[in-house]
Amino acid sequence: MTVTYTANVNTSKVISNFLKLLFRWRGSIYKLVWIDLFIFFSLYCLLAISYRMLMSAKAQEVFEGIVYYCNMHGNLLPLSFVLGFYVSIVMGRWWQQYTTIPWPDSIAILVSSSIQGFDDRARAMRRTILRYVCLCQVIVFTMISPNVKKRFPTYNQIIDSGLLLENEKAIIENMDIAFPHYPKHWMPIVWAASIVMRARKENKIRDDYAVKTIIDELNKFRGFCGFLLYYDWVSVPLVYTQVVTLATYTFFLFSVIGQQWTQVADAGGAPNRVEQWFPFLTILQFFFYMGWLKVAESLINPFGEDDDDFELNWMIDRNLTVSYLIVDEMHQEHPELVKDQYWDEVFPNELPYADDAKRTGPPEASTAKLDYRATNSEQRRFHMSRDSTATNRSGRDNFLNYMLDKHSSSASFAENYHPSRRSTWEDISRLTFTEPLDGPEEDRPRRRRPSRLDSASVDFDELIEQRHQERRDRMRQRFLNMRGTHIRTSPSGGYTVAVLRTASDEALGEEEDA
């Protein structure tokens, strides 16, 4: 089973808890690498002794040339990239296979709540359905796991465990003879679905929706079992595994030669005296890279017999026990209904703590400590002045639009106002609300030009509301005129629609066109 150590590292301390994990043996990197490391170090020592004691001067020169070549060109192999990508694929596949393992708990809960009755018939139905579900899982596990296959090598051992009966074994064996090339793990699920339908016919299940829900869960369970077989059939492509293995072992074959100590100085300096006695960095490099490869080899098939493989035999025992417990022992059973301690309060404000010092407050929002009053006063004044300027400009523009719409037909205003220049309050001062602008200029009454203060006292909201009211009245009048529409037949045999319009509508239309 996977080596679990989360309980030892649940809280970080001054002295790291991970340092304690370095001294574990089961599931450790030392257990995976020590044989390969011993072989590598033995080859390194053999070459070092041969160079120092057995080779002649001419042979030493040739060996030094080989060492120089291997040391200079050994890093051309992209070992870090190849290993990292391969391990990431294997790790993702390893976790996906664990999440694919189906559990019968949801099916057991549905069967227990849907198939009613305490008689032997209903009880046998519930227990048999869950036994078939567990049998399907056991058949799949025997096809993908060596440990489970050793436990159940034939159907006889499955019969001894109580998961299979003699008559059911005969049916499966006959199917194996008739169709020997296909797995039969789906047969118990078919039997379970048939029992569900029989329970519906005998009114053990009260509605069809419960039947559909149970069958959907059975199909989901069968689908997960099929996915486990897919993971077993379709592995990581062999070519990729070969590339990674060849790259790793070739790299260290060059390293065992290229990392040798020689009497020739490297890059014009003195020979490395530390490497002369023991190759510390070379051993660490082999330890890390080879450990990386061994991790991938260990996790590529999590249903094997490695330390970090899944314990499927434990899952088989657990699933059958829990399934029978749900559908039989706990069927229609629950504790007595009583009022909880917060019945009068409806809900608790705070739940108690064993140690009140461990109580913490609610989490703070990211802007909880932001104080707007601490903002620079100049920035506040700038924003306030900019907002007021924009408000005044918006009011002036609305007022100008109102005046343009109302007096757009005036020839004198058209002469004084040109769209190419910005409108000013002097343009608007030529307009009046009570007297028209028609007639000669000398006959018009002379009026005082409004000052900036007078124009600022105009109620723009009232003018805008007046403009909106006029538009609503005009639309209402048009709607009333539409009701007087009559349809007549045209000489060509079709129909034409005529809309009656009043004189006021004609005048308004001309104003809008202008």
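Name the one entry in Asn71, Asn17 that is open to solvent by less than 90 Å² (accessible area, probe 1.4 Å), within 30 Å of Trp314 (Cβ to Cβ), among the polar types (S, T, N, Q) and out of contact with any Phe, Trp or Tyr (no Cβ under 8 Å at 6 or more places or on another chain). I'd like the intermediate steps shown before the answer.
On the way: Asn71 fails: within 30 Å of Trp314 (Cβ to Cβ).
Checking each option against the conditions leaves just Asn17.
Kindly check whether there is at least one residue in the range 153-164 that is farther than 27 Å from Ala210 by Cβ, charged (D, E, K, R) and not in a loop (DSSP other than H, G, I, E, B). Walk me through how you get there before you give the answer.
If we filter the range 153-164 for residues that are farther than 27 Å from Ala210 by Cβ, which is where we start, we get 153-162, 164.
Imposing the further condition that a residue be charged (D, E, K, R) reduces the set to 160.
Checking which are not in a loop (DSSP other than H, G, I, E, B) leaves us with 160.
The answer is yes; a qualifying residue exists.
Hey, among the residues in the range 245-266 that are in contact with a Pro (Cβ under 8 Å, 6 or more places away or on another chain) and farther than 12 Å from Tyr51 by Cβ, which one's modelled with the highest pLDDT? Write out each step before concluding.
Taking the range 245-266 first, the residues in contact with a Pro (Cβ under 8 Å, 6 or more places away or on another chain) are 247, 259, 261-265.
Within this subset, residues satisfying the condition of being farther than 12 Å from Tyr51 by Cβ are 247, 259, 265.
Details: Ala247: 90, Gln259: 83, Ala265: 55.
The qualifying residue modelled with the highest pLDDT is Ala247.
So is Val138 modelled with pLDDT of 95 or more, hydrophobic (A, V, I, L, M, F, W, C) and assigned to a helix (DSSP H, G or I) or not? Before the answer, list the steps.
Values: modelled with pLDDT of 95 or more: yes; hydrophobic (A, V, I, L, M, F, W, C): yes; assigned to a helix (DSSP H, G or I): yes.
Criteria met by Val138.
Output the qualifying pairs, or none if there are none: Cβ atoms under 7 angstrom, residues six or more apart or on different chains, first residue in the range 240-252 and touching a residue at least 60 places away in the same chain (Cβ under 8 Å), second residue open to solvent by 40 Å² or more (accessible area, probe 1.4 Å) and not charged (D, E, K, R).
Ala247/Leu77; Thr248/Tyr289; Thr250/Leu77; Phe251/Leu77
Go through Leu281, Leu312 for me and flag whichever is under 22 Å from Cys134 (Cβ atoms), surrounded by 10 or more Cβ atoms within 10 Å (Cβ to Cβ) and of a type in the set (A, V, I, L, M, F, W, C).
Testing whether each residue is under 22 Å from Cys134 (Cβ atoms), surrounded by 10 or more Cβ atoms within 10 Å (Cβ to Cβ) and of a type in the set (A, V, I, L, M, F, W, C) leaves just Leu312.
Let's see how each residue does on (1) without any contact (Cβ under 8 Å) to a residue 60 or more places away in the chain; (2) surrounded by fewer than 16 Cβ atoms within 10 Å (Cβ to Cβ):
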{"site": "Thr6", "(1), (2)": "yes, yes"}
{"site": "Leu22", "(1), (2)": "yes, yes"}
{"site": "Trp25", "(1), (2)": "yes, yes"}
{"site": "Leu32", "(1), (2)": "no, no"}
{"site": "Gly65", "(1), (2)": "yes, yes"}
{"site": "Val82", "(1), (2)": "no, no"}
{"site": "Asp105", "(1), (2)": "no, yes"}
{"site": "Ser114", "(1), (2)": "no, no"}
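All but one of (1) farther than 22 Å from Phe227 by Cα; (2) more than 35 Å from the chain's Cα centre (by Cα); (3) assigned to a helix (DSSP H, G or I) hold for Gln116, so report the exception by its number.
(3) is the only condition that Gln116 fails.
Looking at this structure, is Phe152 aromatic (Phe, Trp, Tyr) and either open to solvent by less than 80 Å² (accessible area, probe 1.4 Å) or under 19 Å from Arg123 (Cα atoms) (or both)?
So Phe152 fits the description; yes.
Could you please find all residues in the range 48-62 being touching a helix residue (DSSP H, G or I) at 6+ places or on another chain (Cβ under 7 Å) and either part of a loop (DSSP other than H, G, I, E, B) or open to solvent by 50 Å² or more (accessible area, probe 1.4 Å) (or both)?
Answer for the range 48-62, where residues must be touching a helix residue (DSSP H, G or I) at 6+ places or on another chain (Cβ under 7 Å) and either part of a loop (DSSP other than H, G, I, E, B) or open to solvent by 50 Å² or more (accessible area, probe 1.4 Å) (or both): just Met55.
Tell me, which helices (runs of 4 or more DSSP H) lie completely within the range 168-274 with 2 or more residues that are among the charged types (D, E, K, R) and either open to solvent by 90 Å² or more (accessible area, probe 1.4 Å) or in contact with a helix residue (DSSP H, G or I) (Cβ under 6 Å, 6 or more places away or on another chain) (or both)?
187-201, 208-233
The values are calculated or read from the model by the stated rules, or taken from the named source; none is laboratory data. Note that the structure is predicted; figures quoted are calculated from it, not measured. Because the Cβ atoms are built from the backbone with ideal geometry, glycine has one as well, and the counts that use them run over all protein chains shown. Side chains are part of the model used for accessible areas, which takes the heavy atoms of the whole protein and leaves out ligands, DNA and RNA. Shrake-Rupley method; radii C 1.70, N 1.55, O 1.52, S 1.80 Å.
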